[in-house]
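Notes for the one structure printed next.
The values are calculated or read from the model by the stated rules, or taken from the named source; none is laboratory data. Everything quoted here is computed from the prediction, not taken from an experiment. Virtual Cβ from ideal backbone geometry, glycine too; neighbours counted across all protein chains shown. For the accessible areas, the whole protein counts, side chains as well, though only heavy atoms, and no ligand, DNA or RNA atoms are used. Shrake-Rupley method; radii C 1.70, N 1.55, O 1.52, S 1.80 Å.
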Amino acid sequence: MGRHKAKTNIKNRKSLLNEPYFHLQEISAITFTQDKVWTAYESEKNLFLHGLAGTGKTFISCYLGMSEVLETQSVYKNLTIVRSVVPTRDIGFLPGTEEQKTEVYETPYKSIFTNIFQRGDAYEILRKKNAVNFLTTSYIRGITLEDTIIIVDECQNLNFHELDTIITRIGDNCKIIFCGDFRQSDFNKSTERKGVQDFIEIIKDMPEFSFIEFHQSDIVRSELVKNYIILKDKKGL
């Protein structure tokens, strides 16, 4: 993975884990578009990964982010995952603590971390050691993100105001990756659905970003998923 010149004296992040048999697996790109992501990331670009489900956008982002967080002398303290958790944009009405409210939305990342570390408790261990943080858009306003790699997942379910709020939270020593597909939006109102498209138009004009589009040929989840999505698109559904 690409390296940054350390601006502060940060300890060896590999020693952070202090766990036997806790190793990041060697993973490489398996499609042409995935290879473009690797190249853009190693050239120190922020990323916007847009496209169909099952193409590995979130998986690759988590892998690349953790690869760099765990590097010796990394300037990044952790990986921060940001997403909206409910259509109402407010989880205050749900029962339980903030952690209990958001736990169900962390399930996809537990699965990804199980895969890339080959152990079922990887996500929980990294969370406890603050190597991974999970934030919701309901609680991100007013904070500054520093020394972290940020993944904004399922960003098609964020309106323009939320996307604007997230990107303006970025402080020193950060890298950000947006993942989503505006065709999969949960919004009902066209004005809200249009928010991510307007945001994309800004991102495409920023030299700090690389916008990468995933296509049908990049679907790697399974042949069933690939065939379903291809037929759904053909029928315009």
> Which one is most open to solvent (accessible area, probe 1.4 Å) among residues in region 118-149 that are over 17 Å from the mean Cα position of the chain (by Cα) and within 25 Å of GLU44 (Cβ to Cβ)?
Replying inline: THR144
>> Could you check region 175-203 and list, in sequence order, the residues that are touching a residue at least 60 places away in the same chain (Cβ under 8 Å) and in contact with a Phe, Trp or Tyr (Cβ under 9 Å, 6 or more places away or on another chain)?
In response: LYS175, ILE176, ILE177, PHE178, CYS179, GLY180, ASP181, ILE200, ILE203
> Residues of region 180-237 being closer than 24 Å to GLU44 by Cα, assigned to a loop (DSSP other than H, G, I, E, B), charged (D, E, K, R) and under 19 Å from the mean Cα position of the chain (by Cα), which ones?
Replying inline: ASP181, GLU208
>> So, SER190, is that one over 18 Å from PHE209 (Cα atoms) and either β-branched (Val, Ile, Thr) or out of contact with any helix residue (DSSP H, G or I) (no Cβ under 9 Å at 6 or more places or on another chain) (or both) or not?
In response: yes
> On the given criteria, is SER222 of a type in the set (S, T, N, Q) and open to solvent by less than 50 Å² (accessible area, probe 1.4 Å)?
Replying inline: yes
>> Quick check on ASP164: is it acidic (Asp, Glu) and buried (at least 20 other Cβ atoms within 10 Å of the Cβ)?
In response: no
> Scanning for something among the hydroxyl-bearing types (Ser, Thr, Tyr) and open to solvent by 70 Å² or more (accessible area, probe 1.4 Å), does region 189-196 turn up at least one residue?
Replying inline: yes
> Which one is modelled with the lowest pLDDT, of the residues in region 13-38 that are open to solvent by 90 Å² or more (accessible area, probe 1.4 Å) and not in a helix (DSSP H, G or I)?
Replying inline: ASN18
> In this structure, does ILE170 turn out to be surrounded by fewer than 21 Cβ atoms within 10 Å (Cβ to Cβ), at pLDDT 95 or above and either within 16 Å of PHE199 (Cα to Cα) or not basic (Lys, Arg) (or both)?
Replying inline: yes
> So which residues in region 197-218 are open to solvent by less than 70 Å² (accessible area, probe 1.4 Å) and of a type in the set (Ser, Thr, Tyr)?
Replying inline: SER210
